[in-house]
Structure formats: C-alpha cells, structure tokens
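To start, the structure itself, in structure tokens.
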Amino acid sequence: MIAKIVCYALNGLEGVPVEVETDINKGMPSYEMVGLPDAAVKEARERVRSALKNSRFLFPVGRITINFAPADLRKEGAAFDLAVAVSLLKASEQLVGADVSDTVFLGELALNGDLRPVAGLLPLLISAKGHGFTKFIVPAANAKEARFLGGAHIFPTRTLREVVGHLTGAAPIAPLGTAAFVPHASSKNTADLMFVKGQPVARRALEVAVAGGHNLLLVGPPGTGKTMLARCIPSVMPDLTFEEALEITKIHSVAGVLGEEGIVTERPFRTPHHTATTVSMCGGGNRTVHPGEMSLAHGGVLFLDELPEYNRSTLEAMRQPLEDGRITVSRAGGTVTFPARFMLCASMNPCPCGNYGSTERTCTCTPAEIRRYRKKISGPLLDRIDLQVEVDNVSYDALASSARQESSAAVKERVNVARTIQSARFEGCGIHTNAEMGERELAHFCGLNAEGNAILRSAFERMKLSARARGRIIKVARTIADLAASEEILPEHVFEAVSYRMYDKFD
Amino acid sequence: MHYSQQEKAVIWLSARVRTDDRTRAALLRAAGDPARLLFDFKKICAAVIKDGANRVYISGTLSPAEEAEALTDELERRGCFAVTPLSDDYPASLAAISDPPLLLYGMGDRALLGRRKFCVVGSRRLPAWAERQTGLMAEELSRHFAVVTGFAEGGDRAAAAGALKNENVICVLPNGLDVCYPAAHASLKERVAAHGLLLSEYAFGERAAKYTFYARNRLLAGLCEGVLVTAAGSKSGALITAARALEYGRDVFAFPHQPGTLQGVGCNELIKSGAALVTEAQDILSAYGILGEERPRVALTAREERVLAVLRAEGCLHTAIVAERAGLAVFEAAAALSSLEIKNLVVKSGGNRYSAV
C-alpha cells in the first residue's frame, strides 16, 4: 500500500507543498529516502525508527521507499520527521480508518516520540492555508505562533502517540482557538523619551524622522546619549497592525529568533555589532537562504552604532534595500526576496577622538583626520539619510525647563496625526510616508512658493549644500509642515529642514 | 613670456646650482653682469667658493646657457612664469627684507604682484566664528588689497576662499607649484590659479617639509604691508608669520579671542604685546587711510531679530538656551538660527551651538 502525506518546505518566506510517499514491498529489508533530501532530512530515518519503536508502534519490515515530491526541490531541516512517521504508519496499515489526505503534518521527532518545535512554522501555515489546506498537526511548542492563523483547524500535539490517537479518533485533540492580536502585548523595550535628559534638538529630529519615516544620523561625542535616544525610536513609532505583525513574524520565524509569545507585537529594534559581515546584514546561508539583519529590522529600526566602524562594503550593501524596501538574495540554494523596509538610525562621533565641537574637552584631531573619518561614510549612503543631527553634551542646569521631559506617548500622538495626514495624501500612490516620495510625488505634493524657493537657493549658495540635499530638505520640510498641520510648506519649515543637513556641506 | 639673458642666468643659478641663497648672491656680485654666469661659471665659482667649488654644479651634456633655455621652456610649457629681482614687477616690499628670494615661481595673474598686498593668516584649527569672520574679512579686504595667504586648511583656506570672490588673492605655497598640499585643496588650487595667483620659491616637484613652511612664512610677511592673524594657538605657524612681519617693520593685526580658548591664545598674546585689535575690516582699512563701504543691512523677521539679539548679548550659546532666552520653542529657534546662518549673521560652531558674527 502506498501512503501519501502532505508536508511543507520553506523557500525563503514561502511554503512549498511536499508530498511524502511511502511504499513497502516484499524483499530484502531496506529503508531508502529519495527525492533530494538533505542530510538533516535523511537523518529522519533513524529518528523515525526510534520514535516509532519507543511509541510502541511496529517498525515495518520490508523494502521501504520514501519519496519526497516534487523531486527537484531540495528539502531541508527536520520538519519532515512527523510526515515520514505518519506515512510509515499509514503504509504499514497501523492507521486504519484515518483520513490523512487533507491534513498537513509538521514537526520534528525526538527519539522517544516527543514532538519538537520547528522554525518558520507561521510562514508555512500561511502558505498552506493559501493553498486550501485547513487541517494542521503541529508541535504543541509551536502553538503560540500558530494561534494567530485564523480560519483553520490547528491541532497542537506533544507526542507521536497523541497524533495517532487524534487521527484514529481514539483521543481527539481540541483545535487551537484563534488569538486576537494585541500590540505591545509583551513589552521588552522599556526605553521611553521620558528618561532622556535634555537633548531638545535631537528629540525634535527624532520626532520628525519617525513622523515622516526618514532615516536619522545622530552625531555626537561619546557618552551623550545617542544610543539611549535611538532605543526610544520604537516607542514613538505607530503601533503595529496585524498584517504588519504577521509579516514581521514570518521573517523572525524563518530566522528562528521568534520569542516565547509566538508573534511579534512590537516594532523590532536591531543592533548588529559593527563587526557584522555583509552576509549577516543582507541575508544568506549555505543552501537555505536566511534573512539578514536588514530583514529582521523590517517594520522597525536598524540601529548602527558607531557607523564609521562598519565595514564599508557592508554599509554600501544597504543602499539598494534602503530605496526598494526589500532585498533579493541569490545563493546556491535559490533566489529569495525578503522584505526590508526599516528605519535606519545611525550614530557616530564627530571626529576620531570624539571631542570635536565639545565645550569641555579639546579635540586633538587634525583637519585631515576628521575629513578621513567622515569620508568613511560614502556620499550615496549619506544621501539616503534625511536627517543628520548633532547630539550635544550641554549641561542643562542652565535651563529652567529641563525638568519637563515629554514621554514617548505624547510624542507618539503627534506622530500618529502626522502619519494620518500622510496616509490620506498618498492614497493610491503606493507609498505611505514622506520619506518614500519620488520625484513625481515631490513635484505634486511639495510645491514650494517663490519665497521657499528663494530660501533654498540662498541656502545652497551660502551654506554650500550639495545638490543631492535638495530633495531631502523638501521631504523633511513636508514632514515638519505635517507635524504643524500646515497644508503649505512655509519658510520656517524649510529653515528647520535645512538645519538638519549638517553633513551635506562641501569641504 | 620673454626673459632677458640676465634673468635666464638668475633662473639657472637658482634652479641648477646647489648652494644657499647667500652664496648665490655672492656669485652674482662676483659676476658683475649676471649673464656672465652662463658662460664663465667655473671661473667665477672658483673665485667665490674656496672649497668644493666644483661640487655646487655638475655639468651634464648641455651647457649652462642651453640648460637655462630648457628651464624657461619648461616654465612656458607648464603655464608658469618666473620672477627674479631683475624683473620689473619684483615686489619692492620683498626686495627690502633681509633674505629676499632670488627666484619666485608663479602661476596665474601676474598683475596681482603690482597691487597693494595685505596678509591674512589663521591656524588650521580655529573656532567656527573665526573661520567665518576670516572669510568675510578677506572678502572685504580684497576690495582694496590683494589678500596674501598660505594654503593650509582652516584659516588660510577661509581667507583664500573669501578673497577669491573679488579675484584678488595670492597664495604662497611651501612646495613646488605642481604639488598640491593638502591634497584636499586640489580644486582650491585650480581656482586660485585661474582667478588669483599662486607663488612659490620651490622648483617643480619639491615637497613641503618643516623648514619650507618657515621660509614660506617670511615671504607672506615680506610681500605685504601688514598681517592679520585671525586665530593662532600658542605654537601656531601664524605666529611665525607675525614675528617675521614685526622683524620687517610691517603692521600686525589680530582678532581678539575669548580667554581660555586654546585656539586663540596666540592672538591674545599678540594683542598684549602691541598688535592692533581687529573686530571689523574698517579697523585695518583705517590704518591705511582707506574708507570701506557699509555692509548692506539684511531684512529680518521679528523672531530672527530676537534670536540675533540674544546671541549678540551672550556670545556662543546652545540652541536650547537661545530658544529659552528668546521665548521660542526649540524647533522655532532652530529654524530662525538656520535662516540667520544663511544670511551670514550667525555661525554654527559644533554641538548645536551658535554665535553671532
């Protein structure tokens, strides 16, 4: 008898159906797996044999052939264990009467028959549901992640015996209830602008950056709170919608970094160390392609501390994803496109010794050293960072208003209003924020009046701004106008936007 | 460019005879007519130099006269010219110093040599306000003087850039005219060569060394009627220029700096020891009996006036403090400051601090 069981394999963020076929013939006992399984899949032979035995089932004797179809797709990982075990049971007629044709089996087996969780479960479930499957048997340890897939019967199981009991009807398992998505259900990020002392200029820049989806560069001497500020960014970003959360969860699930809660409820904040390689940022892997830091930061913040210390090629690799919001990675195992729409926040010192522009300490760098240091950031990358702002180390004793520090919630409210204005404006344009505007939208939505144009022209002459700064300044001015709920871009908005271009001046 | 036989002899003497300027001058005196050097060099040399007379010049396949011809041809090819004490336009002020150069290479507008000259120098690292003021001061002075400066970053660069607006700038390099040091100033060098004048006493290909800066500074001081030092630390090269200027009897001017600022210690010392304190271009122009034009007033909004008044009253301030003093939100103050910066009335000096210019 031939048994056919459906399982799913991961290809990037998409699930691909794989049929596990088992045939048992008479003849010399053997146990073969065909259909391009990789090492981890082939090892399923031994795991399944032990799991069957230790679950008090019989391991069939005969010529056993297990085929994974389609045969041209490379199969990876241990998620096929359960499907192989069930198909063996079915083929050896130990599962009489159970209908398994419309059920998807996912899970790794332990030698004692326990089911272990698999990485990337949610993307598999979403794809399978899209293909019309509604019954899923998954490891109980993955239940939290699976609960968010509505409109399907998902049966969490702990052991192989439970699976068989459920299939034969001896001990049916109750399907998982669908969980409602609650943003910030599990808050790990406790940073709040309330705890940031001073930094009025940087605070404002941060608010503008988040309101318009702009990238942000914080420049300042060591120990002035650049990292602290950056950590607050997720706390002022708009709440995740369920669709966004699902997409982010898919990426995190594939990468195997999904936490206990099963779904991402907070915007990610990724801080790769400056020794990060290009592959770790972009994604890659030997045969299967894993998402990199840029994709893991999708929907959230990618924070690069000490920007000039990063490998130059690593930074340059971010240019295209910063424009397109996704990254296509090609490896021997295939070509995969991951989403990578993140807000880039970078920090750096103003010079190698870090004291340039400080009042208390003297900078010991020569002009040539400072120039070399700044040149580590290429023009095209800087071009994609709309706001460049200095984080200062002034002592705020001189300020009477220093006692009042706004909380993230207050800032977030204003950000939400500005984002609503933008959503209305870009209805039907395929973009959502000011930062994403192209030349066409710039011309359409950001017309400057004669005065505004005159300001920009004189700013270019006097402050020696580079040509590429123009579009950036207008976009930021648009966001500032949105924050002020102004239909028009007024001169003061342009002036403020100009003040955030500290690194665009030619030397 | 046509060179007389005498000039060619001096060019050859400077470029090919390996000795110091004092010996060269002695050789010239001994020759009587400089042109004799090209034909009778061995004899004149033996009379002047007792030991190692044949070491100072090793003849190649060409005769000295042919070599002199080749040297002027090369100048022509590179678009440069040579100025010697025999030239009509050799600056009189330079001839008056104790060790005038025997040969100056030049590139650009030779007519600038004949103008009144004033030197503006500043150290490489200087406060932002001083850098901005150096540029503005040089721009204003260049309406009446050819502004002479070095070629370093910071103060020199600001002065050159300011004076370039009136195409009235002379940069004296501490290296050959074909060398660009610092390398980042390649475009500045091109602009000065096109709209001003580059001078150097060093042959093509010669690189800057510690001593060439000292020697160059004597030229800066020697060329000019006066020297303005806009910023100088306690051991700045700008102070050497000032010292030379005093030695040659030129006027010395300096910007006053806030006490305790390391980058301004030298300037304050100069003022203490008698240099004239300068806060505006008229201070210098008056010393030479020139009346400058008034700077046109720029129209400001009420908010900008308020911010500017705060900065004028209190000096260098942080944006947040400006905002508080002027009764504005931080971002409103930032916009006003940015507008004032565009209008050249304030300057940003790092760490979100601004000062009025």
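Just so you know, all these numbers are worked out from the coordinates, no wet-lab data involved. Computed from a prediction, not measured in an experiment: that's the story for all the values here. Using ideal geometry, Cβ is built from the backbone for each residue, glycine included, and neighbour counts are taken over all protein chains shown.
Here the spin labels are modelled as points 7 Å beyond Cα on the Cα-Cβ line, and at A:E243 and B:A183 they lie 5.2 nm apart.
Percent of Cα pairs in the range B:1-95 per distance bin of 5 Å, from zero to the largest separation: 2, 13, 25, 25, 19, 11, 5, 1.
When the square roots of the Cα gyration tensor eigenvalues are ordered a ≥ b ≥ c, the ratio a/c for the range B:142-300 is 1.5 or more and a/b does not exceed b/c, which makes its shape oblate.
Computed from the Cα positions only, the extents of the range B:93-197 along the three principal axes stand at 38, 30, 27 Å, in decreasing order.
Sparse packing (at most 15 other Cβ atoms within 10 Å of the Cβ) combined with a DSSP loop state is found for the following GluC sites (Glu not before Pro) in the range A:315-398: A:E360.
Straight-line cross-link partners of B:K8 among the lysines, defined as a Cα under 18 Å from its Cα and at least 8 positions apart when in the same chain: B:K42. Hey, with R₀ at 56 Å, roughly what FRET efficiency would B:E280 and A:N311 work out to, going by the Cβ-Cβ distance, to 0.05? Working from the Cβ atoms, E equals 0.65. Taking amide H as placed 1.01 Å from N in the peptide plane, the amide H of A:M33 sits under 5 Å from that of A:I66, each at least 5 places away or on another chain. Applying 1/(1 + (r/R0)^6) with r as the Cβ-Cβ distance of B:L262 and A:H273 and R0 = 22 angstrom yields a FRET efficiency of 0.05. Using C-alpha pairs under 8 Å with a sequence gap of at least 6, the mean separation divided by the residue count of the range A:2-168 gives a relative contact order of 26 percent. With both residues required to sit in the range A:193-402, DSSP beta bridges show an antiparallel share near 35%. Summary value for chain A: 13 percent relative contact order, contacts being C-alpha pairs under 8 angstrom separated by 6+ residues. The Cβ shell under 11 Å around A:D38 holds other residues with a net charge of +2, Lys and Arg each +1, Asp and Glu each -1.
Take every DSSP beta bridge whose two residues both sit in the range A:2-168; close to 55 percent of them are antiparallel. Here the simple spin-label model places points 7 Å from the Cα toward Cβ, and for A:V34 and B:K235 these points are separated by 8.3 nm. For the set A:K475/B:K189; A:K53/A:K129; A:K464/B:K272; A:K53/A:K135; A:K197/B:K348, the pairs lying more than 31 angstrom apart at their alpha carbons are A:K475/B:K189; A:K53/A:K129; A:K464/B:K272. Mean projection of the Cα convex hull over all viewing directions, computed for chain A: 27.2 nm².
Per residue of A:490-497, other chain Cβ atoms within 10 Å of the residue Cβ number 5 on average. Pairs from the list A:K250/A:K376; A:K26/A:K75; B:K210/B:K343 with a Cα-Cα gap above 32 Å: A:K250/A:K376; B:K210/B:K343. Summarising the amide proton neighbourhood of A:V18: residues at separation of 5 or more, or on other chains, whose placed amide H is nearer than 5 Å comprise A:C7, A:Y8, A:A9. Neighbour counts of other Cβ atoms within 10 Å put B:S14, B:S273 in the fewest-to-most order B:S273, B:S14. Taken along its principal axes, the alpha carbon cloud of the protein assembly as shown reaches lengths of 125, 73, 45 Å, longest axis first.
Between B:E314 and B:T301, what is the label-to-label distance in nm when each label sits 7 Å out along the Cα-to-Cβ direction? Result for the modelled spin labels: 2.1 nm.
Only DSSP H runs of four or more residues enter the estimate; each adds -39500 (n - 2.57), and after division by the residues of chain A the mean residue ellipticity at 222 nm equals -10000 deg cm²/dmol.
Cβ-Cβ distance of A:T362 and A:R319, R₀ of 41 Å, FRET efficiency by 1/(1 + (r/R0)^6): the value works out to about 0.70. For chain A, the longest principal axis of the C-alpha atoms and the axis of helix A:200-212 are separated by about 50°. The ranking of B:K189, A:K226, A:K53 from fewest to most other beta carbons within 10 Å of each one's beta carbon is A:K53, B:K189, A:K226.
Among B:P64, B:P85, B:P259, the largest mean-square fluctuation in a Gaussian network model of chain B, built with springs joining Cα atoms closer than 10 Å, belongs to B:P259.
What does the C-alpha gyration tensor say about the overall shape of the range A:193-402? Classify as rounded when a/c is under 1.5, otherwise prolate if a/b is larger than b/c, or oblate. It comes out oblate by the Cα gyration axes. Most simply put, the protein assembly as shown has about 45% antiparallel DSSP beta bridges, counting only bridges with both residues inside it.
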